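First up is the structure itself, then whatever we jot down about it.
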Amino acid sequence: MALPARMRFGIFLAPFHRYPDNPTLALERDLELIEWLDRLGFDEAWVGEHHSAGWETIASPELFISAAVQRTRQIKLGTGVVSLPYHHPLMVANRMVLLDHMSRGRVMLGVGPGALYTDAVMLGIDTTKQRPRMEESLDVIVRLLREDGPITHESDWFTLDEARLHLAPYTRPHFPIVVASAQSPSGMVLAGKYGFGVLSFSAYQGVRGSVDLKAQWKIAEESAAQHGTTMSRDEWRLVVPVHVAESRQEAIEDVRTGSARFMKEYQGGVLGRHMPVDGPHEKIVDRMVETGSWLIGEPGEIVERLRWLDEVSGGYGGLMVMAHEWANREKTLKSYELFARYVMPHFQGSLANLGRSYDDAVAKADVVKAAGTRAIEAAHQAYEAKRTAARR
């Protein structure tokens, strides 16, 4: 396996805000977090869409992104994800094209079927139809972005009558498109159909047990071969919980209580997932760190874990931190800073020349010291010679 010369780093911002946190202040913290990541040099932030269950409070990632664009300079912002069965595809395409112009090409379209079944039930959508509708919608969106002629399409849930985009994309031919993949094969199949990137949400644990990342990627490659496209591992992003501190034990204790609440109240309560350990939920973090499912520790450990993910996945192109507030505000922001300072450079090529330069200097230390001594002695001799000449 070979990681790309420059990996992508970013966050997946669902967001996860535990009741009874003030939702207005929580949204402001989310915007401040993206500003912080922008200053630290993170590449991307993916913003979710949810409509129920009390935790994930952003109903429109496009609206949130439009605010974040105005408060940042370089970070790219993606919908993580637009739940395509909930929207008319022409509206999705038009909103993203508008954001593409407003951001001067800093937006990305992430698509999925809808993660919360409680959303689909409220909308009267048969949950077994979500994934087929996602594919049908994406097919139309791609045509709208790539074709000039009017498009007519009759579906059992939307209609297009000689439709075309009112405004062409700012990015040519269009902004990046990424497909969400959790546990079912449908996301990988659809990504392979177009050769699109993948955002893997369950890289660490699924309903049916540990997700086999290599098997998941194979599904995408097989689909790509069937449709005459190619998949690039550089466009594969893994989403994993991360927290960094000065030591492993400090990092674990920082998130012990918060992660237990998340697992009990969200993973168990909202999603109905099984708990990975028997006994107190506060012990879950120890188990998840032990297995490498969560990346919790000091910077050096995180570096090694990212390389381990390369082995278990067969190669990937980006690591998206599952944004959480398991630790307090100060330690959460510090974690991102430590990650940017001491983890990211190992995977972006920014340390290679510095390391070689340092090693060269150390290897030549004796020679350089001798040369420096000669130079200083020569300067003293020259000075004395001038003084002697001046006295004459």
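General remarks:
- Estimated at 0.36 nm per residue, the fully extended path between LEU167 and ALA378 surpasses their Cα-Cα distance by 68.8 nm.
- Taking each residue as 0.36 nm, the span from LEU27 to THR127 lengthens on full extension beyond its C-alpha to C-alpha distance by 33.1 nm.
- Proximal aspartates and glutamates to LYS218, defined as alpha-carbon separation beneath 18 angstrom and excluding residues fewer than eight positions away on the same chain: ASP234, GLU235, ASP310, GLU311
- Peptide packing for 308-321, 177-190 was compared via the average number of neighbouring C-beta atoms within 10 Å per residue; ordered from the highest value, the list is 177-190, 308-321.
- Overall form of the range 1-158 per C-alpha gyration tensor (a/c, 1.5; a/b vs b/c): oblate
- 5 angstrom amide H check on ALA163, placed H, neighbours 5+ away: ILE151, THR152
- Taking amide H atoms as placed 1.01 Å from N in the peptide plane, the amide H of SER181 lies under 5 Å from those of LEU199, SER200, PHE201, each 5 or more residues away in sequence or on another chain.
- Here r is the Cβ-Cβ distance between ALA363 and SER247 and R0 is 25 Å; the resulting FRET efficiency, rounded to 0.05, is 0.20.
- Distance (nanometres) between label positions extended 7 Å along Cα→Cβ at ILE151 and GLU222: 2.8
- Within the range 8-353, DSSP assigns beta bridges of which about 10% are antiparallel (rounded to the nearest 5).
- Look at the alpha carbon pairs under 8 Å that are at least 6 residues apart: their mean separation over the length of the chain gives a relative contact order of 17 percent.
- The range 283-360-the range 7-77 distance, computed between alpha-carbon centres (Å): 20
- Burial ranking of peptide ranges 236-247, 141-152 (average Cβ count within 10 Å, highest at the top): 236-247, 141-152
- Three-way shape call for the range 142-281 based on the alpha-carbon gyration tensor, with the a/c threshold at 1.5: prolate
- Descending semi-axes in Å of the chain, equivalent ellipsoid built from Cα gyration tensor: 46, 27, 21
- By average C-beta atoms within 10 angstrom, highest first, the peptides 117-126, 51-60: 51-60, 117-126
Each reported figure results from applying straightforward, stated rules to the coordinates on display, with no laboratory input. These figures come from a predicted structure and were not determined experimentally. Cβ sites come from the backbone with ideal geometry, for glycine too, and all protein chains shown count toward neighbours.
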